[in-house]
Amino acid sequence: MPPTGWDLRDHRVAGADAQPFDPFELPDTIQLGGIDDPYPHLAEARRRGSVLAEWPFPSDVVALEQASDEPFTSYSVLGHDDAMRVLRDHESYSSGVLAEIMGPMLEQTMIAMDEPEHRAHRTLVAPAFRPKLLARWQEELVRRVVDELIDSFATLGRADLVRRLTFAFPVRVIARILGLPACDSERFQRWSLELISMVVNWERGAAAADALRCYFADQVAERRVRPRDDLVTELVETQVDGESLSDDDIFAFLRLLLPAGIETTYRSLGNLLFALLTHPDQLDEVTRNSELREAAIEEGLRWETPVVMIPRQSTRDTRVGDVDIPTGSMVNIFLGSANRDERQYEDPDRFDIHRTPAPHLSFGSGPHMCLGMHLARMETRVALDATLERLHDLRLDPDAPRPRIVGTAFRSPDALPVRFSVAPT
Ligand code: HEM
């Protein structure tokens, strides 16, 4: 049963989602962050040091909001090796600050926990991402979702791939993996998006968090009575050393999957397609040679990192590079900068699928390293394969405005207007 005071059916009838939902009418939910290209600022900051006791953007471009009147210094970790060092040192840098910043979106979720609590939670949910399940999802579900989306515009010869493909794709995959009824997908997408965009509209995000909790409570209660072949059932039944997940743990994890698994994947797929469409020679190569696609996906993740920055708070006096960081400081790790560190990558601003493989930090590192990275890679691969197989002679639409990748903390293209040839019927 849903928690006292909530009636799920009220949301269905009276909620705003009675109206058809077009997320693109809410630009604040899509854009998140006002900067077109943070990379020149990050490169300039890196020249001043791998670790800085300052914010790397000019404050008239992107300011760091201060939560209290206490004077504080924020530290920026910009270099590849130092970023990795901080991410791996979970004793000196706490993830708890994520719950403070994102509130209802991430509180009580493992991403905002420290050891040993974090490990205990991660161990419990990790089996839900085992390779055997991924292989099944790939075959039975992911390709089907992408084909359905492409079917809806394949005969038109032109489309905005953000609106028609990349945006809807991961949310549909997650909804099916979880086993949510198809008729609920629109409101699930709406709540997900409102939750994800909490930073721009706190109240709307908090209401979505409540609605999702209530919705998931219903789903979990149903699986306890009638187990099914889906991820919610997996979570209900998972046991490690005789211990199962509590309902609260399950809600928290499901809520985490939305920002962690939908937002990031939609952005990274968009970034990859943007990179290929703006580098037609490399698009042509990956179209003709599928063996190059894996490298293209990794280079896309490095070149346009979907999550540019992740925060930590120092739990003791530490030193990174040649900078002393006192206890309690905000330490922002710029994955986007680490991935373009010229000491790690030659000509780092160039998108090059033939680059000597150099591991990137887009999935983080250390104990919190992305739990869904194999799922994300698989989804991206399936979507790329389907796009290249089905949309022949794919190119940017010459009559549409040239797309841009936008955003400061999260980045992806605002649109991807393309043309392609339509096979005669
Ligand atoms: C390209 C897509 C993705 C990117 C770039 C990405 C990136 C990241 C990063 C950087 C972290 C570490 C955060 C930190 O250290 O504070 C993380 C954690 C996480 N990601 Fe992903 N992610 C992606 C896709 C996914 C997917 C598809 C899922 C699941 C459906 C997922 C689930 C998670 C979870 C559960 C965590 C928390 C792990 C922990 O705290 O131990 N991610 N992700």
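State the number of residues belonging to segment 281-319 that are in a helix (DSSP H, G or I) and either closer than 15 Å to D352 by Cβ or modelled with pLDDT under 95 (or both).
The first filter runs over segment 281-319 and keeps only residues in a helix (DSSP H, G or I), leaving 281-288, 290-303.
Cutting the leftovers down to either closer than 15 Å to D352 by Cβ or modelled with pLDDT under 95 (or both) gives us 281-286, 292-303.
The number of residues fulfilling the criteria is 18.
Within segment 192-203, does at least one residue satisfy the condition of being closer than 23 Å to G372 by Cα, β-branched (V, I, T) and modelled with pLDDT of 85 or more?
No, because not a single residue in segment 192-203 is closer than 23 Å to G372 by Cα, β-branched (V, I, T) and modelled with pLDDT of 85 or more.
Condition check ((1) within 9 Å of the ligand (Cβ to nearest atom); (2) within 21 Å of the chain's Cα centre (by Cα)) across all residues:
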| site | (1), (2) |
| --- | --- |
| Y345 | no, no |
| F351 | no, yes |
| L361 | yes, yes |
| G364 | yes, yes |
| R377 | yes, yes |
| V382 | no, yes |
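Being more than 19 Å from E234 (Cβ to Cβ), within 11 Å of the ligand (Cβ to nearest atom) and either more than 18 Å from the chain's Cα centre (by Cα) or surrounded by fewer than 18 Cβ atoms within 10 Å (Cβ to Cβ) (or both) is true for just one of R143, R119. Which residue is that? Spell out how you get there, then give the answer.
Values: R143 fails: within 11 Å of the ligand (Cβ to nearest atom).
Within the list R143, R119, the selection yields R119.
Among the residues of segment 333-381 satisfying the criterion of being among the acidic types (D, E) and more than 18 Å from D37 (Cα to Cα), which is surrounded by the fewest Cβ atoms within 10 Å (Cβ to Cβ)?
First pass over segment 333-381, keeping only residues among the acidic types (D, E): 341-342, 346-347, 349, 352, 379.
Checking the rest, the ones that are also more than 18 Å from D37 (Cα to Cα) come to 346, 352, 379.
Values: E346: 10, D352: 18, E379: 26.
Selected residue: E346.
If I ask for residues that are within 13 Å of the ligand (Cβ to nearest atom) and either at pLDDT below 90 or surrounded by fewer than 16 Cβ atoms within 10 Å (Cβ to Cβ) (or both), which ones from segment 146-171 would you list? Steps first, please.
Within segment 146-171, the subset within 13 Å of the ligand (Cβ to nearest atom) is 166, 169-171.
Selection gives V171 alone.
Picking from D352, D393, D385, which residue would you name as being touching a residue at least 12 places away in the same chain (Cβ under 8 Å), acidic (D, E) and either in a loop (DSSP other than H, G, I, E, B) or within 21 Å of I111 (Cβ to Cβ) (or both)?
Numbers: D393 fails: either in a loop (DSSP other than H, G, I, E, B) or within 21 Å of I111 (Cβ to Cβ) (or both); D385 fails: either in a loop (DSSP other than H, G, I, E, B) or within 21 Å of I111 (Cβ to Cβ) (or both).
So the residue among D352, D393, D385 that is touching a residue at least 12 places away in the same chain (Cβ under 8 Å), acidic (D, E) and either in a loop (DSSP other than H, G, I, E, B) or within 21 Å of I111 (Cβ to Cβ) (or both) is D352.
Look at T380 and say whether it is without any contact (Cβ under 8 Å) to a residue 60 or more places away in the chain and polar (S, T, N, Q).
Numbers: without any contact (Cβ under 8 Å) to a residue 60 or more places away in the chain: no; polar (S, T, N, Q): yes.
Against the criterion (without any contact (Cβ under 8 Å) to a residue 60 or more places away in the chain and polar (S, T, N, Q)), T380 does not qualify.
Quick test for you: out of R381, R350, pick the one residue that is modelled with pLDDT of 95 or more and touching a Lys or Arg at 6+ places or on another chain (Cβ under 9 Å). Let's see the steps before the verdict.
Details: R350 fails: touching a Lys or Arg at 6+ places or on another chain (Cβ under 9 Å).
Being modelled with pLDDT of 95 or more and touching a Lys or Arg at 6+ places or on another chain (Cβ under 9 Å) holds for just one of R381, R350, which is R381.
In segment 326-343, what residues are within 13 Å of the ligand (Cβ to nearest atom) and assigned to a helix (DSSP H, G or I)?
Taking segment 326-343 as the starting set, the residues that turn out to be within 13 Å of the ligand (Cβ to nearest atom) are 331-336, 338-339.
Listed by number, the residues that qualify are L335, G336, A338.
Identify all residues within segment 241-263 that are part of a helix (DSSP H, G or I) and either over 19 Å from the mean Cα position of the chain (by Cα) or of a type in the set (D, E, K, R) (or both); write none if there are none.
Here is the first cut: in segment 241-263, the ones part of a helix (DSSP H, G or I) are 247-263.
Scanning segment 241-263 gives D247, D248, D249, I250, R255, E263.
Looking at segment 91-116, which of the residues that are near the ligand (Cβ under 8 Å from one of its atoms) and farther than 16 Å from D248 by Cα is surrounded by the most Cβ atoms within 10 Å (Cβ to Cβ)?
For segment 91-116, the residue satisfying everything is S95.
Can you list residue pairs whose Cβ atoms sit under 7 Å apart, with the first residue in segment 236-258 being within 22 Å of A376 (Cβ to Cβ) and the second being part of a helix (DSSP H, G or I) and of a type outside the set (A, V, I, L, M, F, W, C)? Count only pairs 6 or more apart in sequence or on different chains.
Note: pairs meeting the criteria are T238/P127; L258/S192.
Of everything in segment 287-299, what is under 24 Å from R88 (Cα atoms) and within 12 Å of the ligand (Cβ to nearest atom)? Give them in sequence order. Steps first, answer last, please.
We begin by selecting, within segment 287-299, every residue under 24 Å from R88 (Cα atoms); these are 298-299.
Matches in segment 287-299: E298 only.
The values are calculated or read from the model by the stated rules, or taken from the named source; none is laboratory data. Computed from a predicted model, the values in this text were never measured in an experiment. Using ideal geometry, Cβ is built from the backbone for each residue, glycine included, and neighbour counts are taken over all protein chains shown.
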